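The values are calculated or read from the model by the stated rules, or taken from the named source; none is laboratory data. None of these values were measured; they are calculated from a predicted model. Glycine gets a Cβ as well: all are built from the backbone with ideal geometry, and neighbour counts include every protein chain shown.
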Amino acid sequence: MSLRIRLLLGGIGLLFCGTSVMAQPLHIYYNVLTQQPTYVCGGDTLDQAVVKNREEVYLHLTDLNTFRYGVEVTKTEEVPAEGTGGGLPFLQNLVPGGGLPSFGGMAGGVDPLKDISGDAGETYDEWSGEETVRGMVSAEFEGALLEFRTRFEDLLFEMDDTERKMQKLNTTLRATMAQRDKVELARREIKYLKHYPNLKPQQITTIAEEFIKNAIGNKPDDFDMLSIAEEQAKSLRTDLAKLEKLRGQYHQQTQTLNEMREELYLMGVPPGNELVQELDNSIGEVHTASLKVEENLAKNQASVETIVNTNQMAYTRSLIELRYEIEQIRSATFTYTERFAADGGAFRLNPSLYALDTAGNRTGAAAVKLTPVRVGVRGGLRISSSVGLSLGQYFSAPQDYLVREGVVVGADKDRFLPIVNTFFHFHPYSNGKASLGGALGVGLPLTGTDAAQSATFLLGPSLVLGSRDKVYLSAGLIGGRVQRLGAGLEVGDPFSNLDGVLPTTSRYELGYFFSLSFKLFGQ
């Protein structure tokens, strides 16, 4: 196939594609951030927004934060020098100030649980167990002191093991409490996020997903917030029960330590023994540290129990509200769509944005007008009127009749008939381009005194030029009354003056005309 044939077929294909496109609705995708429209019809992108008369136009506002802005779109018939709305910088004025608060701190939650050792520190490593029995005044106490030291070392290891277990549970409880704070943080910050200025919709979605993942992890789309709250409460109660058991065990070990200190004094070792003094100091330090641990444990456990028993419903409520926020974010399309009918001439769609508060209600801030979108319209019947001047001529020229030498004689009048006329024009909408229509009018001749010629009727095609101030070029048939011979007489017939006045009659005849007229009113 030659290149010329392929190009020809391609041109024909484009012609038919354009024809089919015009028969489908026009979709205008208007990016709110850039205020740039894209015109799509039948899957094809158009350079201009043009539809047939009576077709539908869909306006889609994209990249629109529907949590922060509401939309109003007005449709106005196109007029010259129509102003445009504000640009993107004005969007920042819808909600003055504002912004995401600092993410530091966790309002509404509890302080992270302190380490159970508090300021007591570790004392178990201070006793190495390698010392020898020093300062003995008599060998009779040597065996008793060595056995006492062994029991003391064993007790220290037991207390150290118990404290490590309690510390592990305490860490788990602290993590659980921190997770509760993350839920509250995510719930609160996502509310601010939806109204944060200058964020693209994709950024809102991404940041919200980060908050959600940090708060509840990678949960499936159908996760149950009530189940999460119940499972966490159950886990907290289980850990608290384990901690309570370990606290009892630790308290008993502390009591044993205190009893061993009393036992040391009752052994009867003479004063000044170095080993006894070291054992006494070590027992005292460990006992003081263990009392501090018990105090911290009691405070932490009380805080957790208060949260579980009194704040569980508040936490459940926060989880439920977070789920609402998740569903809102995930289901948001960040678009606005409205349908319009092309039921007149070219028109403009004027979108404007108004600010919404966190409850979705309109605020008192002034709406921001975006750049209007112009839509051209093709086809459709228009009716307009005009007044102008026509030049007409009958197919048979009008005549004056007289009798000369007993014969009827006819003399032709002027062939051209100037007429002042008014027209009703019927034509498709052409958006300022030339279009062909029809004209029906009535006129008054400017010459002649015959009352029968007081009205003429005009019918024919017309060429419509111009947009608002239209000019009409019309031509066609003209009909009007013309004086002709009556009583069956014709020019050349004999007629005697004795027979009376030459009989004539008024009848309609056809001719043709050409007219130039100007628009009066109408579409």
Being modelled with pLDDT under 80, of a type in the set (Gly, Ala, Ser) and under 30 Å from Ile28 (Cβ atoms): is that true of Gly410 here? no
Does Arg247 meet the test of being under 18 Å from Arg174 (Cβ atoms) and within 46 Å of the chain's Cα centre (by Cα)? no
If we keep just the residues of segment 50-72 that are over 14 Å from the mean Cα position of the chain (by Cα) and under 24 Å from Pro201 (Cβ atoms), which is surrounded by the most Cβ atoms within 10 Å (Cβ to Cβ)? Val57
Would you be able to tell me the number of residues in segment 271-302 that are surrounded by 16 or more Cβ atoms within 10 Å (Cβ to Cβ) and either farther than 22 Å from Met159 by Cα or of a type in the set (A, V, I, L, M, F, W, C) (or both)? 9
All conditions in (1) assigned to a strand (DSSP E or B); (2) among the polar types (S, T, N, Q); (3) touching a Gly at 6+ places or on another chain (Cβ under 6 Å) are true of Thr371 except (1)
Can you name the residue in segment 335-366 that is small (Gly, Ala, Ser) and crowded, with 19+ Cβ neighbours inside 10 Å and, of all such residues, is farthest from the chain's Cα centre (by Cα)? Gly345
Can you confirm whether Thr34 is in a strand (DSSP E or B), on the phi < 0 side of the Ramachandran plot, modelled with pLDDT of 50 or more and of a type in the set (S, T, N, Q)? no
Where the second residue is surrounded by 19 or more Cβ atoms within 10 Å (Cβ to Cβ) and modelled with pLDDT of 80 or more and the first is not assigned by TED's automatic domain parsing to the domain that holds Glu147 and of a type in the set (Lys, Arg) and lies in segment 270-291, which pairs have Cβ atoms under 7 Å and are six or more apart or on separate chains? none
Search segment 494-523 for residues that are modelled with pLDDT under 75 and pair each with any residue that is among the β-branched types (Val, Ile, Thr) and assigned to a strand (DSSP E or B) when their beta-carbon atoms are under 9 Å apart and the residues are at least 6 apart or on different chains. Ser496/Val403; Asn497/Val403; Leu520/Val387; Leu520/Thr422; Gly522/Ile383; Gln523/Ile383
Check on Leu155, of a type in the set (A, V, I, L, M), surrounded by 13 or more Cβ atoms within 10 Å (Cβ to Cβ) and in a helix (DSSP H, G or I): yes
Which residue pairs have Cβ atoms closer than 8 Å, lie 6 or more positions apart in sequence or on different chains, and pair a first residue in segment 321-337 that is aliphatic (A, V, I, L, M) with a second residue that is in a helix (DSSP H, G or I) and surrounded by fewer than 19 Cβ atoms within 10 Å (Cβ to Cβ)? Ile329/Thr205; Ile329/Glu209; Ala332/Thr205
Which residues, taken from segment 171-208, are closer than 29 Å to Thr335 by Cβ and either free of Cβ contacts under 8 Å to residues at least 24 places away in the same chain or in the same structural domain as Thr66 (by TED's automatic domain parsing) (or both)? Gln202, Gln203, Thr206, Ile207
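Being modelled with pLDDT under 80 and either outside any loop (DSSP other than H, G, I, E, B) or out of contact with any helix residue (DSSP H, G or I) (no Cβ under 7 Å at 6 or more places or on another chain) (or both): is that true of Phe223 here?
yes
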The listed residue being of a type in the set (Phe, Trp, Tyr) and in contact with a Phe, Trp or Tyr (Cβ under 9 Å, 6 or more places away or on another chain), out of Tyr315, Tyr324, Tyr354: Tyr354
Evaluation of Ala233 against (1) at pLDDT below 80; (2) more than 60 Å from the chain's Cα centre (by Cα) (one fails), failing number: (2)
